[in-house]
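The values are calculated or read from the model by the stated rules, or taken from the named source; none is laboratory data. Every value quoted in this text rests on a predicted model; they were computed, and no experiment measured them. Every residue, glycine among them, receives a Cβ derived from its backbone with ideal geometry; neighbour counts consider all protein chains shown.
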Amino acid sequence: PGWLLSPAGRPYLDSILHKNQRRVFGLLERPALPPALAVPTVTYKLFLSGRSGVGKTALVAWLGGTPAPPAHHETLGIEATTLFWPAKPRASGRPVLFQLHLWD
C-alpha cells in the first residue's frame, strides 16, 4: 500500500501530480514518464449510475482529487473524467498504470 510513497514509486506519483494536486487529464492525454520508467497501461471504463443526489459526482471528484461541488446540482447527460492510478500488483514485480474512464 505504501509503494507510491517509496523511492521506487515516487516518480510515478509525481507524473500524475501538479503542485501536489492530482492533475486532470483530457481523454487523449496521459502522464509523461521517462523511457526508463515506461510501464503498461491497463484501461477500464467505469459507468456510475444511480438515483439523483446519492453522491456519484462527489465520488468522481474525490477520486480525481478535485473539490466536490458545494451544492447539489443534477448532472445533465454524461460527464466523462479520465483518471490515472499507478500501482504495483503483488503478483508482479513491475508497476502498472491504470487508466480509468469514469462516466458519471
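On the stretch given as region 32-49, residues that are touching a helix residue (DSSP H, G or I) at 6+ places or on another chain (Cβ under 7 Å) and either under 11 Å from residue 82 (Cβ atoms) or at pLDDT 90 or above (or both) total 1.
Restricted to strands (runs of 3 or more DSSP E) entirely inside the chain, those with at least 2 residues that are among the polar types (S, T, N, Q) and surrounded by 10 or more Cβ atoms within 10 Å (Cβ to Cβ) are 41-47, 80-87. Selection over region 4-62 of residues that are of a type in the set (D, E, K, R) and touching a residue at least 40 places away in the same chain (Cβ under 8 Å) gives a count of 5. One residue is enough: does region 19-26 have a residue meeting the conditions modelled with pLDDT of 85 or more and in contact with a Pro (Cβ under 9 Å, 6 or more places away or on another chain)? Within region 19-26, not a single residue is modelled with pLDDT of 85 or more and in contact with a Pro (Cβ under 9 Å, 6 or more places away or on another chain).
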